[in-house]
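Down below is the structure, laid out as structure tokens.
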Amino acid sequence: MTERAGHIIVALALALVTGAVTGCTKADGGAEAVRATPTVRATPSAPATPSAPATPSPRGIPFELYTHCGIDEARIGSTYFEAETPLSDGSGNPPDGWGNPTQRGTMTLKSGTEAVFTDDAGHEVKFRARPGARAFKHICA
């Protein structure tokens, strides 16, 4: 393994350890409202890079997915992800069977651009990174 690939894997692992925080942005100056809090916290020395050529071995971390406005977005480390298939009850709420405002489960980073949320209720949501994203797409009240 090259030294650069090793650094990238370490950076991705640290991003996972910092926990995944999901949230939406506020309309008042772009401040971010925290949508979920990770179970494990640490300070990374480098953010995750979605375009990294190395792929870490899949590892799940405890994750509290924000569901209040439906299941649509997540942030893992400094990378913004969007659900491959957003879920909603049609009125901007999570579908039946999901917690509101959050659902506890596990987020598994399959690669620098793919993640999967699962929980004990049997839910599974696949997420894809949004290259270059610096904020959430939607404002959730």
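Throughout, read-outs are computed from the coordinates displayed, never taken from laboratory work. None of the values given here were measured: they were computed from a predicted structure.
If the stretch 50-141 were replaced by its equivalent ellipsoid, with semi-axes equal to the square roots of 5 times the Cα gyration tensor eigenvalues, what would those be, largest first, whole Å? Kindly include the intermediate steps, with their values, before the conclusion.
Working: eigenvalues 97, 50, 18 Å².
Semi-axes from the Cα gyration tensor: 22, 16, 10 Å.
Counting only C-alpha contacts under 8 Å and six or more residues apart, can you give the relative contact order of the stretch 80-141 as a whole percent?
Details: 75 pairs, mean separation 22.6, N = 62.
That works out to 36 percent.
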